Amino acid sequence: MNLKHVILMGATLAFAGSALAQDASQNNKRGNSLYVFPLIQKTPGSLSLISIANLDEGGTQGTASVDAHFVFRSGQTCLETLNFSKPLTPLDTLTLSVNGQGALPNGFNGFAYVYAEATGASATAIKYDNLAAAQYVFDGVNASAYEIDAYGFKAGSALANLANTDTDNDGVRDLNGTEYEAVPNVQIYPRFFGQATQGAPGFSSTLTLLSLVGSQFDVVVDFLIINDNENAFSGQAGFRCHKTFSLLEISGATANQWLADSSGDNDSEFIVWPRTTAQVETGLLRIVGATANSTAATQDNPALLSLLVNRRQPGGNPPGFGGEGSGETTATLPYGKGVNNKGKLVNLSLFPNNN
């Protein structure tokens with residue numbers, strides 16, 4: 001855990017280099033050819049639902065229907081656990097229960113992606129920017145229910161409608177701007193709540209990271225935690241494939257008390273007003289892949305995806321939240337800056353897949 005105060009803000013914020021000149025156009029609120037669900041769990045007491053819809057209003061893309069190909073992968077190994085295809089006619093919606101997938105073991109923790117596929121036996125990934133996706137979680141353990149947005153990617157702009165997206169014929173979904181859109185180089189959560197392990201304010205949040213460099217690479221991620229007076233603190237974490245961290249694991253600078261103590265001029269922003277005791281501080285979280293190493297190769301600035309889940313613990317309401325009450329959970333995807341075209345779903349080699 002690194003709490004070193006970053007003095008040279010300008011130099012530190014520039015470490016993503018010239019990639020910040022352009023932003024990836026990834027957007028889940030439109031028709032896409034590919035969706036990534038960064039956190040899929042099959043746990044007792046909870047129910048996770050995934051929905052895929054065909055937004056085509058009657059063959060506008062030159063076909064009456066397509067298949068939606070589902071792939072579920074283990075977060076520990078990135079290896080495929082389950083895959084199958086389901087047909088989608090125009091304006092059709094398919095909702096499936098993760099818990100109802102018998103091929104997924106109880107306790108499954110990982111990620112999934114869904115892409116448009118040609119109907120029939122060809123199993124060809126195609127450009128069909130008409131898919132919509134949603135995920136809903138009923139969390140009985142934490143007495144909450146919440147929506148998780150999926151990352152959405154259009155197929156490459158140079159490809160014709162219904163064209164094969166696997167341009168290099170390697171069976172890997174490339175997020176490189178050619179097969180599918182690239183991912184952002186820098187990910188920013190403009191607001192996280194100050195963390196506390198118990199009592200008011202009682203926020204306990206997690207950050208899920210998904211590596212897009214490959215299953216055999218150990219990834220190092222750099223963080224900046226910036227309080228609402230623009231004081232910055234650095235953090236760093238390492239993982240392989242897929243991992244969920246508590247914010248306090250990443251850095252003690254995410255703690256509510258730390259944010260309050262580091263505000264300096266006592267002019268921090270609060271989520272309730274007027275200010276009283278036991279208020280909730282907020283901060284900004286900035287994420288970028290630093291390096292990735294396998295036993296055979298190194299890749300700088302690896303691509304990744306993330307998901308922030310905010311949980312307010314039962315009985316931990318701050319003033320202004322209406323008493324004690326039950327816990328509440330929300331999930332959010334980051335804002336993106338820059339472009340990183342190194343993303344792969346999923347490279348299993350010891351070497352980077354640079355095709």
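Things worth noting here:
- Scanning region 232-247 for residues that are farther than 16 Å from Gln76 by Cα and surrounded by fewer than 18 Cβ atoms within 10 Å (Cβ to Cβ) gives Ser234, Gln236, Ser246.
- Flag if Ala112 is touching a residue at least 60 places away in the same chain (Cβ under 8 Å), hydrophobic (A, V, I, L, M, F, W, C) and either assigned to a strand (DSSP E or B) or assigned by TED's automatic domain parsing to the domain that holds Leu55 (or both): yes
- When we screen Leu91, Leu104, Leu79 for residues that are surrounded by fewer than 13 Cβ atoms within 10 Å (Cβ to Cβ), in contact (Cβ under 8 Å) with a residue 60 or more places away in the chain and either closer than 18 Å to Asn161 by Cβ or hydrophobic (A, V, I, L, M, F, W, C) (or both), the only hit is Leu79.
- Restricting region 290-313 to residues that are more than 12 Å from the chain's Cα centre (by Cα), part of a strand (DSSP E or B) and at pLDDT 95 or above, the residue that is farthest from Thr208 (Cα to Cα): Thr298
- When region 166-187 is limited to residues that are over 15 Å from Tyr113 (Cα atoms) and β-branched (Val, Ile, Thr), the one that is surrounded by the most Cβ atoms within 10 Å (Cβ to Cβ) turns out to be Val186.
- On inspection, Asp170 passes the criterion of being over 15 Å from the mean Cα position of the chain (by Cα) and either under 16 Å from Leu212 (Cβ atoms) or not in a loop (DSSP other than H, G, I, E, B) (or both).
- Of all residues in region 208-227, those that are of a type outside the set (Val, Ile, Thr) and not in a loop (DSSP other than H, G, I, E, B) total 8.
- Considering residues of region 107-116 that are out of contact with any Gly (no Cβ under 9 Å at 6 or more places or on another chain) and within 21 Å of Asp149 (Cα to Cα) only, the residue surrounded by the most Cβ atoms within 10 Å (Cβ to Cβ): Ala116
- Being touching a Gly at 6+ places or on another chain (Cβ under 9 Å), within 26 Å of Glu181 (Cβ to Cβ) and in contact (Cβ under 8 Å) with a residue 24 or more places away in the chain holds for only one residue in Ala143, Ala132, and it is Ala132.
- Members of region 115-142 found to be part of a loop (DSSP other than H, G, I, E, B) and of a type in the set (Asp, Glu), listed by number: Asp129
- Residue within region 184-203 that is closer than 15 Å to Lys342 by Cβ and touching a Ser or Thr at 6+ places or on another chain (Cβ under 6 Å) present: yes
- Scanning region 188-207 for residues that are surrounded by 18 or more Cβ atoms within 10 Å (Cβ to Cβ) and outside any strand (DSSP E or B) returns Gly194, Ala196, Ala200, Pro201, Gly202, Ser204, Ser205.
The values are calculated or read from the model by the stated rules, or taken from the named source; none is laboratory data. All figures in this text were calculated on a predicted structure; none of them were measured in a lab. In this analysis, Cβ positions are derived from the backbone assuming ideal geometry, glycine residues included, and neighbour counts consider all displayed protein chains.
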